[in-house]
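Here's the structure we're looking at; comments come further down.
The values are calculated or read from the model by the stated rules, or taken from the named source; none is laboratory data. Everything numeric here is computed off the predicted structure, so don't read it as measured data. Positions of Cβ are backbone-derived with ideal geometry, glycine not excepted, and every protein chain shown enters the neighbour counts. Side chains are part of the model used for accessible areas, which takes the heavy atoms of the whole protein and leaves out ligands, DNA and RNA. Shrake-Rupley method; radii C 1.70, N 1.55, O 1.52, S 1.80 Å.
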Amino acid sequence: MKPKVYVTRRLPKVAWDELIEACDAELWDEEFPPPHEELLARVADKEGLLCLLTDRIDADLMDSAPNLKVISQCAVGFDNIDVAAATARGVPVGHTPGVLTDATADFAWALLMSAARRVPEAVDYVRAGKWNTWGLTVLLGQRVYGMTLGVVGMGRIGQAVAERARGFNMRILYYDAFRQPEAEERLGVEYRSLEEVLAGSDFVTLHVNLTDETRHMINARTLAMMKPTAIVINTSRGPVIDMDALYDALKAGVIVYAALDVTDPEPLPADHKLLTLSNCIINPHIASGTIATRTLMAQMAVRNLIAGLRGEALPNQVNSL
Ligand code: GLV
């Protein structure tokens with residue numbers, strides 16, 4: 001008999017085919033994530049769970065599923081999962097690093113360029129019929145080439161963004177909880193304190209995991225350290241930025257612009273005050289969203305799931321058991 005698994009959202013076909021070859025799968029085939037109580041009930045008799053970052057995977061869920069052998073997240077970040085609780089119960093947790101690095105870095109770069117050159121405002125301007133003549137001072141933005149980029153979190157994605165910045169002849173400062181000598185050697189990035197990175201950069205791009213240390217790392221105090229012309233880009237996790245403080249800073253001109261692919265909360269309500277600001281770009285958490293990348297992520301998640309069901313180490317396991 002194939003092991004029973006629960007899948008919290010539809011997967012690309014190649015990944016789904018691979019999954020149902022090996023598993024007896026039940027799918028939550030809805031647009032919105034399963035409510036927590038529903039998820040608990042559905043997982044109760046399953047050996048495997050393939051979930052998304054929109055699902056809260058907590059100790060209660062694990063306790064309600066005594067046969068659970070593996071939790072496989074279809075994302076690289078896993079702050080929605082209580083990994084310590086999984087480890088305490090001997091349950092491996094999988095994620096999908098690597099395959100989304102370039103797509104995410106490309107998107108961070110797209111946000112950086114869009115904010116620097118005010119692309120969404122320019123699109124709105126034309127759509128609103130305001131393009132009546134060529135103007136010397138219309139929609140002036142910030143220079144990118146040759147400027148200084150601050151990378152907060154020099155992991156895989158931070159390094160991939162730094163690679164892109166080298167093509168723009170940028171000086172690259174970085175802060176990370178751990179110094180990255182290999183990246184310094186390969187990319188010429190310069191290690192600084194967080195404060196120095198924030199104060200010295202024209203663009204600050206965030207690539208940290210969400211942890212107790214990084215939650216609200218960007219707040220009123222740290223925003224005030226930045227240049228008044230600074231642009232902040234966030235493709236990591238929304239709560240790394242204190243959204244109220246960001247709103248105040250953008251409104252008061254403490255910094256000039258922000259471009260966010262992630263927010264707190266997600267989704268951001270359509271009447272959220274940040275959406276009233278023309279100097280804030282908000283996207284709906286799509287940085288890894290290319291067809292190829294999302295397919296690879298789903299395949300990787302399926303392979304982690306199957307390995308866990310077989311009692312093998314997951315190809316990409318978060319916790320050591
Ligand atoms: C997306 O945010 C991911 O963590 O993969």
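Of a type in the set (G, A, S), within 16 Å of the ligand (Cβ to nearest atom) and surrounded by 11 or more Cβ atoms within 10 Å (Cβ to Cβ) - does that describe any residue in the stretch 113-132?
Restricting attention to the stretch 113-132, the residues satisfying the condition of being of a type in the set (G, A, S) are 114-116, 122, 128-129.
From what's left, within 16 Å of the ligand (Cβ to nearest atom): none.
Within the stretch 113-132 (the criterion being of a type in the set (G, A, S), within 16 Å of the ligand (Cβ to nearest atom) and surrounded by 11 or more Cβ atoms within 10 Å (Cβ to Cβ)), the answer is no, since none of the residues qualifies.
Do any strands (runs of 3 or more DSSP E) lying entirely in the stretch 168-278 carry at least 3 residues that are among the aliphatic types (A, V, I, L, M), and which ones are they? Steps first, answer last, please.
Details: elements: 171-175, 203-206, 231-234, 257-260.
Hits in the stretch 168-278: 231-234, 257-260.
Residues checked against (1) surrounded by 23 or more Cβ atoms within 10 Å (Cβ to Cβ); (2) under 24 Å from N169 (Cα atoms); (3) of a type outside the set (A, V, I, L, M, F, W, C):
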position	(1), (2), (3)
R215	no, no, yes
A220	no, no, no
M226	yes, yes, no
I231	yes, yes, no
P239	no, no, yes
D242	no, no, yes
A249	yes, no, no
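Answer yes or no as to whether V144 is open to solvent by less than 80 Å² (accessible area, probe 1.4 Å), outside any loop (DSSP other than H, G, I, E, B), among the β-branched types (V, I, T) and in the same structural domain as F203 (by TED's automatic domain parsing).
When the stated conditions are applied, V144 does not pass them.
Test V138 against the criterion of being under 28 Å from P284 (Cβ atoms), more than 16 Å from the ligand (Cβ to nearest atom) and assigned by TED's automatic domain parsing to the domain that holds R156, and give yes or no. Spell out the reasoning first.
Details: under 28 Å from P284 (Cβ atoms): no; more than 16 Å from the ligand (Cβ to nearest atom): yes; assigned by TED's automatic domain parsing to the domain that holds R156: yes.
It is false that V138 is under 28 Å from P284 (Cβ atoms), more than 16 Å from the ligand (Cβ to nearest atom) and assigned by TED's automatic domain parsing to the domain that holds R156.
Pull up the stretch 153-167, narrow it to residues that are among the small types (G, A, S) and assigned to a helix (DSSP H, G or I), then point me to the one that is farthest from D202 (Cα to Cα).
Our first condition is that a residue be among the small types (G, A, S); within the stretch 153-167, this holds for 153, 155, 158, 160, 162, 165, 167.
Applying the additional criterion that residues be assigned to a helix (DSSP H, G or I) yields 158, 160, 162, 165.
Values: G158: 16, A160: 18, A162: 14, A165: 12 Å.
The residue in question is A160.
Give the residue that is nearest to the chain's Cα centre (by Cα), with candidates limited to residues of the stretch 251-272 that are hydrophobic (A, V, I, L, M, F, W, C) and within 16 Å of the ligand (Cβ to nearest atom).
To start, the set of residues in the stretch 251-272 that are hydrophobic (A, V, I, L, M, F, W, C) comprises 252, 254-256, 258-260, 262, 268, 270.
Add one more test, that the residue is within 16 Å of the ligand (Cβ to nearest atom), and what stays is 259-260, 262, 268.
On the way: A259: 13, L260: 10, V262: 6, L268: 15 Å.
The residue in question is V262.
Could you check V302 against (1) within 14 Å of the ligand (Cβ to nearest atom); (2) buried (at least 18 other Cβ atoms within 10 Å of the Cβ); (3) β-branched (V, I, T); (4) assigned by TED's automatic domain parsing to the domain that holds Q73 and say which number it fails?
(1)
Write out, first by first residue and then by second, each pair whose Cβ atoms fall under 6 Å of each other, whose residues are 6+ apart or on separate chains, and whose first residue, in the stretch 210-225, is farther than 14 Å from D248 by Cα while the second is at pLDDT below 95 and part of a helix (DSSP H, G or I).
none
Can you say whether I20 is among the β-branched types (V, I, T), open to solvent by less than 30 Å² (accessible area, probe 1.4 Å) and either away from the ligand (no atom under 16 Å from the Cβ) or not assigned by TED's automatic domain parsing to the domain that holds D212 (or both), as far as the supplied structure shows? Write out each step before concluding.
Numbers: among the β-branched types (V, I, T): yes; open to solvent by less than 30 Å² (accessible area, probe 1.4 Å): no; either away from the ligand (no atom under 16 Å from the Cβ) or not assigned by TED's automatic domain parsing to the domain that holds D212 (or both): yes.
No: the conditions fail for I20.
Kindly indicate the residue of the stretch 5-17 that is open to solvent by less than 50 Å² (accessible area, probe 1.4 Å) and out of contact with any Asp or Glu (no Cβ under 6 Å at 6 or more places or on another chain) and also farthest from G289 (Cα to Cα) among those meeting that condition.
Residue satisfying both the conditions and the ranking: V5.
Suppose we keep only residues that are more than 14 Å from the ligand (Cβ to nearest atom) and without any contact (Cβ under 8 Å) to a residue 24 or more places away in the chain within the stretch 273-290. Which one would you say is surrounded by the fewest Cβ atoms within 10 Å (Cβ to Cβ)? Steps first, answer last, please.
Taking the stretch 273-290 and keeping what is more than 14 Å from the ligand (Cβ to nearest atom), we get 273-282.
Filter once more, so that each one left must be without any contact (Cβ under 8 Å) to a residue 24 or more places away in the chain: 275-276, 282.
Numbers: L275: 12, T276: 10, I282: 20.
The extreme case among them is T276.
Hey, any hits in the stretch 52-62 for a residue that's small (G, A, S), farther than 18 Å from L19 by Cβ and in contact (Cβ under 8 Å) with a residue 40 or more places away in the chain? I'd like the intermediate steps shown before the answer.
To start, the set of residues in the stretch 52-62 that are small (G, A, S) comprises 59.
Within this subset, residues satisfying the condition of being farther than 18 Å from L19 by Cβ are 59.
Next, only the ones that are in contact (Cβ under 8 Å) with a residue 40 or more places away in the chain stay: none.
No; the residues of the stretch 52-62 include none that is small (G, A, S), farther than 18 Å from L19 by Cβ and in contact (Cβ under 8 Å) with a residue 40 or more places away in the chain.
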